[in-house]
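The values are calculated or read from the model by the stated rules, or taken from the named source; none is laboratory data. Keep in mind that this is a model prediction, so the values were computed, not measured. Please note: Cβ atoms are built from the backbone with ideal geometry, for glycine as well, and neighbour counts cover all protein chains shown.
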Amino acid sequence: MSQIIIYTIITLVAIGAAAAIILYFVAQKFKVYEDPRIDEVEEVLPAANCGGCGFPGCRNFAETLVKSDSWDDLFCPVGGNEVMANAAAIMGKEAIEQAPKVAVVRCNGTPEFRPRVTEYDGAPTCAIAHSLYSGEGGCPHGCLGLGDCVVVCNFDAIHMDPETGLPVVLDDKCTACGACVDACPRDIIELRKKNKKDRKIFVSCINEEKGAAAKKNCSVACIGCSKCFKVCPYEAITMENNLAFIDSEKCKLCRKCVPECPTSAILELNFPPPRQKEAVEANKTESN
Amino acid sequence: MSLKTFSRGGVHPPEHKLSSGNSIVELPPPEVAVIPVSQHLGAPAKVLVNRGDQVKVGQLIAESAGFVSTNIHSSVSGKILKVDHFLDSSGYRKLAVQIQVEGDQWLETIDRSDDLVRNTVLPAEDIRKKMLEAGIVGLGGATFPSHVKLMVPQGKTAEYLILNGVECEPYLTADHSLMMEHTAEVFSGIQILMRGLGVEKAIVGIENNKPDAIKKMSEMAAGSAVSVQGLKVKYPQGGEKQLVQALLKREVPSGGLPIDVGVVVFNVGTALAAYEAVMKNRPLIDRIVTVTGKSLEKPSNFRVRIGTPVSYLIEQAGGLPEDTAKVINGGPMMGKALPSLDIPVVKGSSGILLISSAESRRKELKPCIRCTKCVSVCPMGLEPYLLMNLSEKSLFERMEAEKVMDCIECGSCSYTCPSSRPLLDYIRLGKAEVGKIIRARKAV
Amino acid sequence: MNKFIVSPSPHAYTDESVPKLMYGVIISLLPALAVSVWFFGIGMLIVSTVAVASSILFEYLIQRYMLKVKPTHLDGSALLTGLLLAFCLPSNIPFWMVMIGALAAVGIGKMTFGGLGNNIFNPALVGRVFLFISFPVAMTAWPEPGQWMSYTDAVTGATPLGLMKEGLASRTVSEIMPELPSFLNLLMGKTTGSAGEVSALALLLGMLYMMYRKIISWHIPISILVTVALFTGILWFANPDRFADPLFHLLSGGLMLGAIYMATDYVTSPMTGRGMIVYGIGIGIVTVLIRVFGAYPEGVQFAILIFNGFTPLINKFVKPKRFGKEVKHG
């Protein structure tokens, strides 16, 4: 009996050894030279393979970083400044710091403000509803609430609120990779500068119709009246196509514009309640 | 006569031709008309009028803005209230001219008599010019500018003119009624189109659920170069590719047009409009619209001014039934559901269909059981279950390889699916995305 | 007045539905069920009831408690799986084995892949093969027809195919034939075999009903049967002593049941007419190969499972006839 066992062991070891030797030589012969720094850079990247950098996967981004001289347009939003600094250290470069960003949903058309006047019975995706008509609320720029942004998020950072019918971004999980921005057929989501304590001031509307038309569908629409523009001390607000836009890079969060807005279209989030005047009812408050 | 049909796919939805046999009722103009500047494929027309202007019926209010474009005329007389964005059947607000109707004054150049004018010596170029001036577009629903269709591209020849009198959509009877009541004018229009196109043969295809129309048209066309062919009742026989295949056994190539097989197809309503434009100097300012529905008091065929709100038509047909949950512009298979009744009738509106709440909602979505029914009913030989699957996963390049652009959006697949899957919804999405990819590729 | 409903076209639908299709198939199986109860009596009743009930029960339990999704056990597909499973079992098999088979069919053959519409292999066949491998003795003891009141105590014998295979080792076809049931008996079903496979006539009637209801098309059953007939015909013509005639092959064993009910399962068969013909020819060839040259007397269940595996490949390469040729861009 033991003879069989010994022969078996010898045969198997011999096959294993032969295979190993053949594989070693083949691997050597067909080896592709790769800059070893690519592996090193890839190590420090977050390995989310989310495409937020604009490249298909972290490895590809690592290759691009190693091969590129200038890193001006290269940034990993998920890893942020820390990861870029680590990668830069490997390549002997100086990483340029970028201000972190966060996704902001610029629509506040809840059923209370934007009543649903029709019922949508098509396939439950925003892309299809958008191509069919302006939506249950009637506003052609308003959020359709069917969740294309939710489906596409790799970081579990955006969810649909069933009561408001609007998506809610979880600031601590959002990496500003931009997937939801691309997924939204109405371009409602914007990547804005992330402030301390997740404070935000933004115009929660992207409707470019004339004021009267916009208000017909939604009571908190921006009507392009320019009152906010006139009162901003930092020239952070611009008016274009009947719509106000607050530049998050220029905004100093002074909150002067918020009470000016006659339709409460400008939202201030994560601030303490204002000392002067009664709290504006249309503000959406998030639980911290 | 023996009946012909197309060879692949097709479904048999119940016909419900409720308004069949009801003679055409001409409706007076509404109180306020809203006339969109884009009622056709191609570039929207450029507005020529301003707020406060007075207009007459037939007056040009917006002009053709490109090669594939056409004119828009006022269908009413009165004062222009606004040139602004109004809700139309696209579901969005689009640029339109709103007119407060005052009286019913027509341009003097328009011949409003009932006399039949027969004059077939006008050269082809003049025919095309008159059709552009009159703003004639395909009235079957596609609204392609007709004068452009009459221009045969370089390197191709037109052999046949085919007239689409099929009206395969359930409920709709507009074409049926105009073939019965305006037979001579339609026939004259066909001859005009033949001349404009430069062909010597024409065939009118009519489905066999309209035997009286087949008979009347055959009698009118007896002895002429126009022949009438009966077709089996099968949806979508009225699709132009299916029609060409049934009548002439020629298949329009994938990505091509009927002219590639020597054929041009026009709706019979367009033939009537061509007659009125060329012989009566009458621009396209009205059309026949079927207003129908199981609960509707008076299913009717109305001759309606362009720009009339849908609410007005429904009133004239007996008022909106209590149980109405869906209002469709067109037929049940390819029509567009409207979000409101304040939407104007446009050149492509062949019918208004009211559906009760009991029949308006889709059934519960079930998984695909791979029963192959969608594949067997697709008239273009596609695989709808696969196209929906690819679209859900955003695999648009693969959709292009699976010939999604051949889809004619007839709806037979979604109609048939036992699991109530929204096949056409996703296929349409895929077509839009693949269209973007193709355009981006061509731009390089 | 209520809100209008807005959805993309079409706005009309057939009243066809998944339960209607499933129950249509079940109705078409009633003649075969009647015949099998007539020949195999109470045993068949017990086996079919247990198979059907366990399939439905297991589907409900798995969906509700393991997958935590809305149970769809009443849509007819579990019932059909159970019934078809019962049809390929001997009518004397103990009820607990039937339950294991149902669990394998529904649990392994259907639910592991993601439920209705997602399985690659025919669930009833998965259950049958599972039992065949796990309990080879019980699964090859076939009750003789006519034993009304017997269940697990039924007297068993070999099937016609089994007798043929065994006999061919030492004798010629013409010597074996007189010992086998006549063609009329094979057609009507008075023969040893699994509960549902015996009556070719009843199964063919069911096929006609399904074709009338537009539940199945002719492609799969006809291409399988024609292929088997041709292949065995060629063999029999070459050597009538070594190979049984085509009619014998067509009428015996599980071929009719397999060709009409198992191979035509929607989920596991190809999506185009041409693809179905390729699939049918393949199944026919492999069935005959196993029957004639292979180790088992009956090959149709393995042939079908093998070609179930090929279905995605067939779907990938065999496309429907497209309308219109490709336009050449000059």
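Those residues that are part of a loop (DSSP other than H, G, I, E, B), surrounded by fewer than 16 Cβ atoms within 10 Å (Cβ to Cβ), of a type outside the set (A, V, I, L, M) and within 25 Å of the chain's Cα centre (by Cα), I need them from segment A:71-110; list them, please.
The answer is A:ASP72, A:ASP73, A:GLU97, A:GLN98, A:PRO100.
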Condition met for B:MET388 (part of a loop (DSSP other than H, G, I, E, B) and within 11 Å of another protein chain (Cβ to nearest Cβ))
no
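Residue-by-condition table, conditions (1) more than 21 Å from C:ILE290 (Cα to Cα); (2) of a type in the set (Lys, Arg); (3) in a loop (DSSP other than H, G, I, E, B):
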residue	(1), (2), (3)
C:ASN119	yes, no, yes
C:GLY127	no, no, no
C:PHE130	no, no, no
C:ILE133	no, no, no
C:PRO136	no, no, yes
C:PRO145	yes, no, yes
C:SER150	yes, no, yes
C:MET164	no, no, no
Residue among C:LEU30, C:LEU21 that alone is surrounded by fewer than 16 Cβ atoms within 10 Å (Cβ to Cβ) and either within 14 Å of chain B (Cβ to nearest Cβ) or not in a loop (DSSP other than H, G, I, E, B) (or both)
C:LEU30
Say whether the condition of being of a type outside the set (Lys, Arg), under 28 Å from A:LEU144 (Cβ atoms) and either part of a helix (DSSP H, G or I) or not assigned by TED's automatic domain parsing to the domain that holds A:ASP148 (or both) is met by at least one residue in segment A:236-254.
no
Residue that is surrounded by the fewest Cβ atoms within 10 Å (Cβ to Cβ) [pool: residues in segment C:97-154 that are away from chain B (no Cβ under 14 Å) and among the aromatic types (Phe, Trp, Tyr)]:
C:TRP148
Among (1) free of Cβ contacts under 8 Å to residues at least 24 places away in the same chain; (2) among the aliphatic types (A, V, I, L, M); (3) within 27 Å of B:THR324 (Cβ to Cβ), which single condition is B:LEU424 missing?
(1)
Go through segment A:120-146 and count every residue that is part of a helix (DSSP H, G or I), within 9 Å of another protein chain (Cβ to nearest Cβ) and either in contact with a Pro (Cβ under 7 Å, 6 or more places away or on another chain) or not small (Gly, Ala, Ser) (or both).
3
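I'd like the full set of residues that are among the basic types (Lys, Arg) and at pLDDT 90 or above, limited to segment A:73-107.
Passing the criteria: A:LYS101, A:ARG106.
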Can you tell me which residues in segment B:218-232 are buried (at least 17 other Cβ atoms within 10 Å of the Cβ) and either among the β-branched types (Val, Ile, Thr) or part of a helix (DSSP H, G or I) (or both)?
B:SER218, B:MET220, B:ALA221, B:VAL226, B:VAL228
Tell me yes or no: at least one residue of segment B:151-162 is closer than 28 Å to B:GLY9 by Cα, among the hydroxyl-bearing types (Ser, Thr, Tyr) and crowded, with 19+ Cβ neighbours inside 10 Å.
yes
Checking C:TYR266 against (1) under 16 Å from the mean Cα position of the chain (by Cα); (2) within 14 Å of chain B (Cβ to nearest Cβ); (3) part of a helix (DSSP H, G or I): exactly one of these is not met. Which one?
(3)
Within segment B:403-421, how many residues are more than 7 Å from chain C (Cβ to nearest Cβ), under 24 Å from the mean Cα position of the chain (by Cα) and either assigned to a loop (DSSP other than H, G, I, E, B) or acidic (Asp, Glu) (or both)?
4
Starting from residues that are buried (at least 22 other Cβ atoms within 10 Å of the Cβ) and more than 8 Å from chain C (Cβ to nearest Cβ), keep the ones in segment B:354-376 and report whichever is farthest from C:PRO19 (Cα to Cα).
B:LEU354
Counted residues in segment B:57-103 being of a type outside the set (Lys, Arg), out of contact with any helix residue (DSSP H, G or I) (no Cβ under 8 Å at 6 or more places or on another chain) and within 21 Å of A:GLU208 (Cβ to Cβ) come to 10
Filtered residues of segment C:275-314 (kept if polar (S, T, N, Q) and modelled with pLDDT of 95 or more)
C:THR287, C:ASN308, C:THR311
